[in-house]
Amino acid sequence: MVSAAAAASSLRCFPPSLGNRGPGAATARGGLVRLSSRRARSTAGVAAPSREAESAASLGDLTRVDFPILDQEFDGSKLVYFDNGATSQKPSCVMKTLDEYYRFYNSNVHRGIHVLSAKATDAYESARTKVANFVNAANSREIVFTRNATEAINLVAYSWGMSNLKQGDEIVLTIAEHHSAIVPWQFVSQKTGATLKYVGLTKEGVPDIEQLKGLLSNKTKIVVVHHVSNVLGSMLPIEDIVTWSNRIGAKVLVDACQSVPHMPVDVQRLGADFLVASSHKMCGPTGVGFLHGKFDLLSSMEPFLGGGEMIADVFQDKSTYAEPPSRFEAGTPAIGEAIGLGTAIDYLSQIGMQKIHEYENELATYLYESLIAVPNVRIYGPAPCQTVHRAPLCSFNVENVHPTDIAEILDLQRELGHQMAAKTADHGAVISKWPFSAPCTYLCSSKLD
């Protein structure tokens, strides 16, 4: 594993000429660094060693062995994966679960009485229960499996938004939202006449909470916010936002993709009406995510898609619908992937989410302190030590250096004995970068050396 200091020291090596990339190249651009270790040593059916006696700083050593992809070398250099914000790597136990499902009990769920279907159904519903327990949902019926968090947000936008919004209503969002939390509500706005209201950023680069409070009115029908920004690392006070919104009768939808994998999340404590997250960002398979919704609210909503599983009865001219969550799970679901998500949750739970959070904050603080010592680096957002308002991400600009060049130089740090896999992209949140021009993301799992 590469040390946090090694990644930071690489930034000192950039020659000035690297900024010459055409129009705008002189504008300071940089990246977002998130250090995350979400790994515990275990395989399916094998008990993991106790984590209680282990210090937070030891997690990197204990868990790297569980990720076969990290055993690879490129030109003799160890792989360091920087792109966890896009997708996390998968531990062996998750891959074993997928293999066992497809090898030994592949079958459809809820539709057969034979042994394979019964086993698949039990495993699928067990995974739903694991998700519910992981986020402390009141009932597993409040958990809807979706293809990903994007589909979960679209489900709310169409099933709730299209039926409950009209001309003159307002939808409040921050400009730091992921595109997946903005575009569906643009569709709803265009169809219903509801107006989008955006919360801007403070000079520290975090959503302006006072402005958000000022935008709330009796016209506000839903507030759409992230728990943790995938660009800024800022953490919003969801409980307060829910309290303010409830006073005016507005619903709250929380994008928790960047919080659920990294810290304890309690949906009952947060109080949001809807919360979404994605399996592939929490060491689980791609192709599955989930929506948590209050059961009475889900029960009042129309289906998102039509087909098998979501119906109670079908007549020639109409149909009646199943109760949630089946109402929103039309067709054959991603069965193996949902079961794999359950295994990923077991894996994270064996470590302990609070311990993961502490470890990541330790790494992020070390990186932050290393970066502020590098000339021409500007860091955005609150310092990692401000854990109440900050997640373990670090967003920064490097003067006169193009983000692609940063990624390329990190990729070429073979003299350090590491091959670094970094991402150069817009993070799916272009609007939030307008004040900063900081479109590059570096995400790494590392230890302190």
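Data for the structure
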| quantity | calculated |
| --- | --- |
| Among beta bridges that DSSP assigns inside segment 95-347, antiparallel share in %, nearest 5 | 45 |
| Segment 95-347: mean projected area of Cα convex hull, nm² | 14.0 |
| Alpha-carbon Rg with Dmax, taken over segment 295-409, Å | 23.7, 71 |
| Relative intensity, log₁₀ I(q)/I(0), of segment 81-239 from a Debye sum that treats every alpha carbon as a point, q = 0.20 Å⁻¹ | -1.30 |
| Long-range Cα-Cα pairs in segment 55-148 (distance over 21 Å), rounded percent | 55 |
| Net charge of Cβ neighbours under 11 Å - reference P324; Lys, Arg +1; Asp, Glu -1 | -1 |
| Lysines whose Cα lies under 22 Å from that of K219, excluding same-chain neighbours fewer than 8 positions away | K166, K191, K197, K251 |
| Formal net charge of residues neighbouring R128 (Cβ-Cβ distance under 13 Å; K, R +1; D, E -1) | -3 |
| Proximal charge balance of G306 [Cβ under 12 Å; K/R count +1, D/E count -1] | -1 |
| FRET E, pair D313, A118, Förster distance 30 Å, beta-carbon r, rounded to 0.05 | 0.80 |
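Values in this text are rule-based calculations from the coordinates and carry no lab data. Being a predicted model, the structure only gives us computed values, none of them experimental. Positions of Cβ are generated from backbone atoms using ideal geometry, with glycine treated the same way; all protein chains shown enter the neighbour counts.
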